[in-house]
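Engineer: Please see the structure below; I have some questions.
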Amino acid sequence: MIELKDMCYVRLGTRDVDGAVQYATEIVGLEAGGRTRDAAYLRSDGRDHSLVYFDGDTDDHTVGMEVGDMDALDAAAVGLEALGRPVTKGSDAECEARRVGAFINFTDPTGNSIDLVVRPYHHRARYFPARDAGITGFSHIGLRSSDPVRDEEFWCKNFNIRVSDWLGSCGLLTFDQVHHRIALFPSDYPGVQHINHQVETFDDVMRSWYFLNDRQIPIRFGPGRHPTSTAIFVYFAGPDDMTFEYSTGVRMITDPDNDRPRQFPPGPEAFCMWGAMPDIPEFQ
Ligand SMILES: [Fe+2]
């Protein structure tokens, strides 16, 4: 059993790092962190960074998640190899580029690139964004899946991951108290489907909805409220067709032994208590 401790980062390839950074800072409200010749680091909380744009293919996505220590990382490598999921160990240069003590990389059954990391760097200074979107931190991702039932089994059998609720065949998965950390969505190709940042209040969601509309950023869903997590949300379009989400009020599952996952029907209606309909293919 591989025990995940936290979400760390998303790494996204782009052919326009400067443009992506401009969007991430001026629109999303992230803080520009470190910069190298071909990569830019973005902050959303006390971590060194939680998003990286690097010069690369726009379908080159990696998700970083933390495990407890080197022993846990070594055991995870052995376990993944035994499952037939080959592991590569990060070199010193790659660890420096990821700003972690050590990491291994593997792909899930869909082909999603996952880093398991130890000792991800934290920042000496508090997060201080260019735009006050009310962000409190990077919280979850939507992950593409060529077979959500198979991938749910992969994650739940081999990691400390459990299902919080299902939307159709899509599991909303978590490893801690937050209702979901990974949401699986059917897709013909691997990659990150959306990136969620939590914001402090309902007012922040609505302020951003006006802000985004004013700048003609396509709204993909919302404002609305998820019946699963009870979070109030808005989804919007980012660089390279990535979907970003702000949400607030995600349900915390403090007693998982006494919380049973609920099944919600397939189809876009089940995504919103208020009746908002998503303009997101994977939610249809
Ligand atoms: Fe989400």
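The values are calculated or read from the model by the stated rules, or taken from the named source; none is laboratory data. Computed from a predicted structure; not experimentally measured. Virtual Cβ from ideal backbone geometry, glycine too; neighbours counted across all protein chains shown. Heavy atoms of the whole protein, side chains included, go into the accessibility calculation; ligands, DNA and RNA do not. Shrake-Rupley method; radii C 1.70, N 1.55, O 1.52, S 1.80 Å.
Engineer: Mean Kyte-Doolittle of at least 0.5 plus a Cα span of 30 Å or more along the axis: flag which DSSP H helices in the chain meet both, please.
Structural biologist: Counting only whole DSSP H runs, no helix qualifies.
Engineer: Please compute the modelled spin-label separation between residue 216 and residue 75, points set 7 Å along Cα→Cβ, answer in nm with one decimal.
Structural biologist: About 5.5 nm separates the two model spin labels.
Engineer: Then there is this: Return the single residue from 145, 229, 91 with maximal mean-square fluctuation; model: Gaussian network over the chain, springs between Cα atoms under 10 Å.
Structural biologist: Between 145, 229, 91, it is 91 that shows the largest mean-square fluctuation.
Engineer: Here's a follow-up. At R0 = 22 Å, how high is the FRET efficiency between residue 258 and residue 1 if r is their beta carbon distance? Nearest 0.05 is fine.
Structural biologist: 0.55
Engineer: While we're here: Identify the trypsin sites (Lys or Arg not before Pro) of segment 1-48 meeting these criteria: DSSP loop state and at most 16 other C-beta atoms within 10 Å of the C-beta.
Structural biologist: Loop-located and lightly packed - 15, 37.
Engineer: Taking the DSSP beta bridges in the chain as the whole, what percent of them are antiparallel, to the nearest 5?
Structural biologist: Around 65 percent antiparallel, to the nearest 5.
Engineer: Whole number in Å², please: accessible area per residue of the chain, 1.4 Å probe, ligands, DNA and RNA not counted.
Structural biologist: 44
Engineer: Nearest 5 is fine: what % of DSSP beta bridges in segment 4-118 come out antiparallel, could you say?
Structural biologist: In segment 4-118, DSSP labels about 70 percent of beta bridges as antiparallel.
Engineer: Next question. What percent of all Cα-Cα pairs in the chain falls into each 5 Å bin, going from 0 up to the bin containing the maximum distance?
Structural biologist: 1, 6, 12, 18, 20, 19, 14, 8, 3, 0, 0
Engineer: How long are the three semi-axes of the equivalent ellipsoid of segment 126-177, in whole Å, if each is the root of 5 times an eigenvalue of the C-alpha gyration tensor, listed from largest down?
Structural biologist: Rounded to whole Å, the semi-axes are 29, 13, 10.
Engineer: Can you sort 118, 78 by 1.4 Å-probe accessible area, starting with the largest?
Structural biologist: These residues rank, largest area first, as 78, 118.
Engineer: Something else now. Please figure out what share of the DSSP beta bridges in segment 195-284 is antiparallel and state it in percent, rounded to the nearest 5.
Structural biologist: Counting only bridges with both partners in segment 195-284, antiparallel ones make up about 70 percent.
Engineer: Using alpha-carbon pairs under 8 Å, 6+ residues apart, how would you state the relative contact order of segment 129-284 in percent?
Structural biologist: This gives 25 percent for segment 129-284.
Engineer: Mean-square fluctuation check for the chain, GNM, Cα pairs under 10 Å: which of 258, 158, 213 is largest?
Structural biologist: Between 258, 158, 213, it is 258 that shows the largest mean-square fluctuation.
Engineer: Turning to a different aspect of this structure: Rg and Dmax of segment 135-268, Cα atoms, in Å?
Structural biologist: That works out to 14.8, 45 Å for Rg and Dmax.
Engineer: Separate question: Where in segment 187-284 are there trypsin sites (Lys or Arg not before Pro) that are in a DSSP coil and have at most 16 other Cβ atoms within 10 angstrom of their Cβ?
Structural biologist: For trypsin sites (Lys or Arg not before Pro) across segment 187-284 that sit outside H, G, I, E and B with at most 16 neighbouring Cβ atoms in 10 Å, the list reads 215.
Engineer: Taking N as the number of residues in segment 4-118, what is its Cα Rg relative to 2.2 N^0.38 Å?
Structural biologist: After normalising by residue count via 2.2 N^0.38 Å, the value is 1.08.
Engineer: Carbon and sulfur: what percent of segment 33-172's accessible surface (1.4 Å probe)?
Structural biologist: The nonpolar share, carbon plus sulfur, comes to 49 percent.
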